[in-house]
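Student: Encoded as structure tokens, here's the structure I'll be asking about.
The values are calculated or read from the model by the stated rules, or taken from the named source; none is laboratory data. Remember, it's a predicted structure, so these values are computed and weren't measured experimentally. When we count neighbours, we look across all protein chains shown, and the Cβ atoms used for this are built from the backbone with ideal geometry, even at glycine.
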Amino acid sequence: MPFLFLSIPHALLPGLTDGTLLRSANWAWGGLDALTRREREVLAELAKGQSNREIARALGVSEKTVKAHVSSVLAKLGVQDRTQAALVAVRHEQGA
């Protein structure tokens, strides 16, 4: 079943805005334990519905660097697109 998320309200993502996702050391779901700190930062921004350009600005890196991180996140999570990656992050934060 395909999912379409253009933006996810912050109210639904408590751990993404307070840093919980970034600090979590016990990733046990969907390959999250394999992500680097920067990849977790990128995933948190993805889950907020940010574009590559917006992520690049927020993290102070180039769009090309963000694209590389997004590709790495997708591969490590075993998902096909950024929407699926955002869903993984949301489900993790909701304890699913």
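Student: Out of (1) at pLDDT below 95; (2) buried (at least 17 other Cβ atoms within 10 Å of the Cβ); (3) in contact with a Leu (Cβ under 7 Å, 6 or more places away or on another chain), the odd one out for PHE3 is which?
Tutor: (2)
Student: What's the number of the condition PRO14 fails, among (1) modelled with pLDDT under 95; (2) surrounded by 14 or more Cβ atoms within 10 Å (Cβ to Cβ); (3) more than 13 Å from the chain's Cα centre (by Cα); (4) not hydrophobic (A, V, I, L, M, F, W, C)?
Tutor: Here PRO14 clears every test but (2).
Student: For region 39-59, enumerate the residues that are surrounded by fewer than 19 Cβ atoms within 10 Å (Cβ to Cβ) and either more than 12 Å from the chain's Cα centre (by Cα) or more than 18 Å from GLU93 (Cα to Cα) (or both).
Tutor: Once the filter is applied, which keeps residues that are surrounded by fewer than 19 Cβ atoms within 10 Å (Cβ to Cβ) and either more than 12 Å from the chain's Cα centre (by Cα) or more than 18 Å from GLU93 (Cα to Cα) (or both), region 39-59 yields SER51, ARG53, GLU54, ARG57, ALA58, LEU59.
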